[in-house]
1. Report the antiparallel proportion of the DSSP beta bridges in the chain as a percent, rounded to a multiple of 5.
2. Just need the relative contact order of the stretch 11-236 here, percent rounded to a whole number, with Cα pairs under 8 Å and 6+ apart.
3. Stretch LYS70-GLU238 to full length: gain in nm at 0.36 nm per residue minus the Cα-Cα span?
4. Would you tally the net charge around ASP110, using a Cβ to Cβ cut-off of less than 13 Å, leaving ASP110 out, and scoring K and R as +1, D and E as -1?
5. Please report the orientation-averaged projected area of the stretch 1-100, defined via the convex hull of its C-alpha atoms, in nm².
6. Can you work out ³J(HN,Hα) from phi for every residue in the stretch 165-181, in order, using Karplus 6.51 cos²θ - 1.76 cosθ + 1.60 and θ = phi - 60°, giving whole Hz and x for Gly and Pro?
7. What residues qualify as long-range amide H neighbours of LYS166, i.e. H under 5 Å apart, gap of 5 or more or another chain, H built at 1.01 Å from N?
8. Can you list the HN-Hα couplings for the stretch 23-33, worked out from phi with the Karplus curve (6.51, -1.76, 1.60; θ = phi - 60°), rounded to whole Hz and with x for Gly and Pro?
Amino acid sequence: MAPPTDSPRYPSTLAPDAYYQGLVDRLTTALLPTLDPFFSSLPVSSSAPLVLELASGNGTHASLFARTWKDIAVQPTECDSFGVKRIDETTSREGMTDRVRRAVKLDVMDDEDWKELQRESADEEDGKRYELVFGSNFLHMVPFPGAPQRIFRLLHTHSLVSPTAKLLIYGPFKSDSGFFSDSDASFDQIISARPSPYPLGLRSVDALGRIAEAEGWKLSERIAVAKGNWVLVFEQKEGRAGQVV
């Protein structure tokens, strides 16, 4: 039986309330300068360039992005109705409903959710594709390697991204050879101890690069950000950009 809409589907993956305290200030100081070259260079035509956000949390990122880069439109997503409701409440409270769309349910492991995202995108913008995809602090909370495989693959399969679109993933990671710091190892220990039907924990940047290559993308840049976090930049490989497979 599915949980009611006022309950999270995956409670062990939720960030604690303390995470959101001072979040806007932290993002403004540490993350936005790193993202600015990508968001500021999005192509502007007769309508706002579209940004797809994966795992939008409570919607803070989406509202902040729309407020910072005033020419874009953001499509937030979350894995359940509980998350969708939280995002829409934040968007309304922040007065950003003009450029942050109503959130869409997207569990990246659910084929029907991807199909619905494609249908909604086509209805909303007459088939216009996303110019940028962004996800924050979620890969250590989703099935691995299944979730990133599906993200890379289904963005193409459902023709959701433009030929020049990039995928940016922000958060803590490790490498094939181990953790980048003692604090990363401690964080991994805390996360992996949470109850879950699949293993949680920091994912290898090297493994993500291999997954991307197999699905028509390439890891083109690793940008170090404050407190051990990274922005991983993935580009579509030549011959696969925007291709329906």
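1. 45
2. 18
3. 57.4 nm
4. Combined, the nearby Lys, Arg, Asp and Glu give -3.
5. 7.1
6. 5, 10, 10, 10, 10, 10, x, x, 9, 10, 10, 4, 8, x, 7, 7, 7
7. VAL133
8. Going residue by residue, I get 4, 4, 5, 5, 5, 4, 7, 9, 9, 4, x Hz, with x marking Gly and Pro.
Here, each number is a calculation from the coordinates, and none is a lab measurement. It should be emphasised that the depicted structure is a prediction, and the values quoted were computed from it without experimental measurement. Positions of Cβ are backbone-derived with ideal geometry, glycine not excepted, and every protein chain shown enters the neighbour counts.
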